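Peer 1: Sharing a structure, written as C-alpha cells. Questions coming.
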Amino acid sequence: MIKTGELHTQSLRDGRQVYLDGGVVDDVTTHPAFRNVVASVAQLYDFQSQPGNRELMTFAVSDGHGGTGGPEMDARANRIWQLPHSYEDLVTRRRALVAWTELHGGFLGRAPDHVASCISGMYMGRDVIEAHDPDRANALADYYRYARDNELYLTYVIINPQADRSKAAHEQQGEFLTAGVVDRDDKGITVHGAKMLATGAIVANEVFVTCIQPLPPGDKNYALSFAIPMNAKGLKVLSRKSYEAQAPSEFDNPLAHRFDENDAVLFFDNVHVPWERVFIDSDVEMCQKQFHATPAHVYQNYQAQIRLMVKMKFLIGLAHKITETNGTTNFPQVREALGQLAAQGAMVEAMVQAMEVKGWYYGDYYVPDRHSLYAAQVLTQQLYPVVMTALRDLAGGGMIMLPSSVADFANPELRDLINITQQSPVASSEDRVKFFKLAWDAVGSEFASRHTQYEMFYAGATFVTKNHSYRTYDWDSSKSLVDRMLDSYSLKDEL
C-alpha cells in the first residue's frame, strides 16, 4: 500500500523524545512548533498516493531489490528507492523527484528523497561492505528492503559535534561527547554520545547514524554505521529554535510557516542497536568506503542538486516577479541582472543533465557522473549567496517597508493607508504585500538566513567539495593535451 499523508502523520505519534524550549514535546504532529511542517510532508505522501501520479511517483517491485516488476506484479514503491539500470531509469526517477520538490520549492532540504538516495546508493555498492563483513552487508540489504517496503522517511546524522575541531573524537573532553560504542553483546551494540546535524528529524521515521568525516585510527570506537527508529529508547532530540513557532501567520511568513524542517542534535543515552541494524562496527576505513567506494555519496548529492535546480527556478521566478511588481523589468540594468540569474539557473539544470548523460555503470546499476556532481557542488555553494544578493538588489526596500503583520489589514484606517503606500503597476496593494512577504521569507528572514547557511555547507566546507572535484577530475586527459602541445615543437627546431 502506498503511504498517504495520514499514515505518515500517524507514524510520528510514536513517543519520540523531542526537547524544545525547556521541555518535552508530547506530540510533534499537533505542537505549534512542528505541526505545519508535518502537514507539508503529509502533502508529499498524499501527492504520491493520488491515482494520477502512480506511474510518475512509484515503480514496480518484483525481485526484492528494486528491479523492474513483471506484468503479474502489483507491488510498488516510491521512486526515491529506485535503483536505475539505465539512463532512462535515472531520468524517470529524476522527474519524480522534481515533481515532489516542486511542492515545497526546494525548501525541504532533507525531504524523504535525500537519505533514501544515500541508502539506495549504499545498497547498490553493498559488495564493498560484503567484502569487509558479509553479515553487515546482509543487514544493509535487509534494511534497504525494509525501508523501501515500509516507505520510511529517513534523516541522518553524519557529523560529529564541533567541540574542539583541532582534536580527534577520542581526544575531546569526555570520552563520549561523540557517539561511540560503550558495550557489545550477542544482541547488538550500545551507543552513547552526540551526533549532528539531524535536519528533518522531527518529521522522520528513522535516523541513519554514521560519520562522513575522515577519522584517525584512534577514533575506531566512533566509526559506526547503523539505523534506528526515532523513538528508540534513550534517543533524545535536542531541537533548535523553531522558526515555524515564530511564524504563526502564513500570510506574513508563508515559507517558515510551512517548511521549517528543523535541525537538531541527537544524543544517544546508552541506546541499544540490534546487530540487524548495524552496517559497520568500529572500522575507520569502511566509514569512508560506504560513501565513496559505493554510489551512495554521488546518488544522495545528485538528489540534492535536483532539489537545488527546482529551488533556483523558484528564486529566479521570484526575481522576475519582483521587477514586474516594481515596474522595472524593462530597465536595461534590470534585464542584465535577470539574464545573469537565468544563465545561472540554466547552469544548474545543465549540470544535473550532464550527471545523467555522462553516467556510468556500477555493476548492473546506472549512476550519475561523479565529477559533474562535484563540480556542481563547488559552483552552487558559491552561487547561492550570490543569488540572494541579486534578489536583494532587485527588490531594494520593497521587502522591508511592509505592514507589520496581517493584523494591519483588519484595521480600516490602516488598510486605507496600505492601499495608498503599497502601490504596484501590476498588483493590488494586498497582492503586493503578499508577494513581498513571500520574497522576504525566501531572502531576508531568519528562516531565509538559515537556508543560505544550509546551501553553503550541507555538502561540507568548500575545501571538502573542491577536493572531491580534484580527486574525480580526468587530469590525465587534461595533461595529455599539454604534453601533446609540448611534443609538437622543440628547441632544436629553433637552432
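What follows is calculated from the coordinates using simple rules that are stated; it is not laboratory data. Given the structure is predicted, the values throughout are model-derived calculations rather than measurements. No Cβ is skipped: glycine too gets one built from the backbone with ideal geometry, and neighbour counts run over all protein chains shown.
Peer 1: How do LEU152, LEU414 rank when sorted from fewest to most other Cβ atoms within 10 Å of their own Cβ? Mind showing how you got there, number by number?
Peer 2: Numbers: LEU152 22, LEU414 14.
In increasing order of surrounding Cβ atoms, one gets LEU414, LEU152.
Peer 1: Give the Cα extents of the range 5-291 along the principal axes, in whole Å, largest first.
Peer 2: 54, 48, 31
Peer 1: Okay, next question. For the range 100-258, count the residues as N, evaluate 2.2 N^0.38 Å, and divide the Cα radius of gyration by that value, please. Please list the in-between numbers first.
Peer 2: Working: Rg = 17.6 Å, N = 159, 2.2 N^0.38 = 15.1 Å.
So the range 100-258 has a normalised radius of gyration of 1.17.
Peer 1: Output the Cα-based Rg and Dmax of the range 191-239 in Å, rounding Rg to one decimal and Dmax to a whole number.
Peer 2: Rg, Dmax (Cα atoms, Å): 11.8, 35.
Peer 1: Taking the Cα of LYS241, stepping 7 Å toward and past its beta carbon, and measuring to each backbone N in the range 18-42: which are under 20 Å?
Peer 2: Under 20 Å, as judged by backbone N against the label point of LYS241, lie 19-25, 32-37 of the range 18-42.
Peer 1: From the P(r) of the chain, could you give the percentage of C-alpha pairs in the tail past 43 Å? Walk me through the numbers on the way to the answer.
Peer 2: Values: 24300 of 122265 pairs.
For the chain, the fraction of Cα-Cα distances above 43 Å is 20 percent.
Peer 1: Return the sequence-ordered ³J(HN,Hα) values of the range 263-279 in whole Hz as given by the Karplus equation 6.51 cos²θ - 1.76 cosθ + 1.60 applied to θ = phi - 60°, using x for Gly and Pro.
Peer 2: Couplings: 10, 8, 8, 9, 10, 9, 9, 6, 7, 8, 10, x, 4, 5, 10, 9, 9 Hz.
Peer 1: Same structure again: For the range 162-167, what does the Karplus curve 6.51 cos²θ - 1.76 cosθ + 1.60, with θ = phi - 60°, yield as ³J(HN,Hα) per residue in whole Hz, taken in order and with x for Gly and Pro?
Peer 2: 4, 6, 9, 5, 7, 10
Peer 1: Next question, about the same structure. Along each of its three principal axes, how wide is the spread of alpha-carbon positions in the range 295-480, in whole angstrom units, largest first?
Peer 2: 71, 34, 29
Peer 1: In whole Å, what are the Cα extents of the range 222-333 along the three principal axes, biggest one first?
Peer 2: Over the range 222-333, Cα extents along the principal axes are 63, 37, 18 Å.
Peer 1: Taking amide H positions as placed in the peptide plane 1.01 Å from N, state which residues far from PHE107 in sequence (5 or more) or on other chains have amide H under 5 Å from it.
Peer 2: none
Peer 1: Among HIS257, HIS371, which comes first, then next, by fewest other beta-carbon atoms within 10 Å? It would help to have the intermediate numbers written out before the result.
Peer 2: Working: HIS257 22, HIS371 18.
The fewest-first ordering by Cβ neighbours comes to HIS371, HIS257.
Peer 1: Only counting other Cβ atoms within 10 Å, I'd like ILE228, ILE129, ILE2 sorted with the fewest neighbours first. Each step should come with its number before you reach the end.
Peer 2: Working: ILE228 22, ILE129 27, ILE2 17.
Final ranking by Cβ density, sparse to dense: ILE2, ILE228, ILE129.
Peer 1: Gain in length, GLU285 to ASP493, computed as 0.36 nm per residue apart minus the alpha-carbon separation, to one decimal in nm? Walk me through the numbers on the way to the answer.
Peer 2: On the way: separation 208, 0.36 × 208 = 74.88 nm, distance 5.24 nm.
Result: 69.6 nm gained on full extension.
Peer 1: May I pose another question? So how compact is the range 118-211: Cα radius of gyration and Dmax in angstrom?
Peer 2: Over the range 118-211's Cα set, Rg and Dmax evaluate to 15.1, 43 Å.
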